[in-house]
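Here, each number is a calculation from the coordinates, and none is a lab measurement. Predicted, not measured: the structure shown is a model, and the values here were computed from it. Cβ: placed from backbone, ideal geometry, glycine included. Neighbour counts: every protein chain shown.
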Amino acid sequence: MLPDIMAAALNEQIKVEAESSQIYLAMASWAEVKGFEGIAAFMFKQSDEERLHMLKLLKYVNQRGGYAVVSALDEPRLDYSSFSVLFRQLYEHEVKVSASINNLVDIALTHKDYATHNFLQWYVSEQIEEEAQAKVILDKIDLIGDSKGGLYMFDNDMKNFTSQG
Ligand code: OFO
């Protein structure tokens, strides 16, 4: 059985992951309308992954005797002044998500919920990868700046990047 405080915190995380999915979906749509297919494909895929992160948590909470709540989500940002702003938000968002996962780990340990602690290790590893990936992309985009040619090539790279993973 999940301690109540753990169930509440995991439910918060379900919302965080669902909002991540919406944020990346909004980014995908923005990039697609601008004609950047590679960046859009990458963002659509990120959005799908976040939905899976959300579902994994939802199933876990129910399996452990809690009740996973599907709640209303905040509206994501719908406009970006540049790709550099967009990818900075992606990176900063992942850093924030890592902090909330760490907070869950903390609660699990404090309340001796070792099953949840074990379950959360998957998210800990996932966040290491996601943060690192977002940082690599952000560094690239910062190098490119506003160069149209650079962005065109970057978009092509993102197509390959997305089809590999
Ligand atoms: Fe769910 O990993 Fe990103 O946010």
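Values as computed for the structure displayed
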quantity	calculated
In degrees, nearest ten, helix 4-33 long axis to first principal axis of the chain (Cα)	10
Ellipticity estimate at 222 nm from DSSP helix runs (n ≥ 4, -39,500 (n - 2.57)) divided over the chain, nearest 500	-29000 deg cm²/dmol
Theoretical FRET efficiency, 1/(1+(r/R0)^6), r = Cβ-Cβ of Ser163 and Gln121, R0 30 Å, to 0.05	0.55
Per DSSP, loop trypsin sites (Lys or Arg not before Pro) in segment 76-165 with at most 11 further Cβ within 10 Å	Lys112
Extension gain, Arg77 back to Lys140 (0.36 nm per residue minus Cα-Cα distance, nm)	20.4 nm
The chain: angle of helix 148-164 to the longest principal axis, Cα-based, in degrees nearest 10	40
Sequence-distant lysines (8 or more away, or on other chains) whose Cα lies within less than 26 Å of Lys112	Lys15, Lys56, Lys59, Lys96
In nm, spacing of pseudo-spin labels at Val85 and Leu55 (7 Å Cα→C-beta vector)	3.3
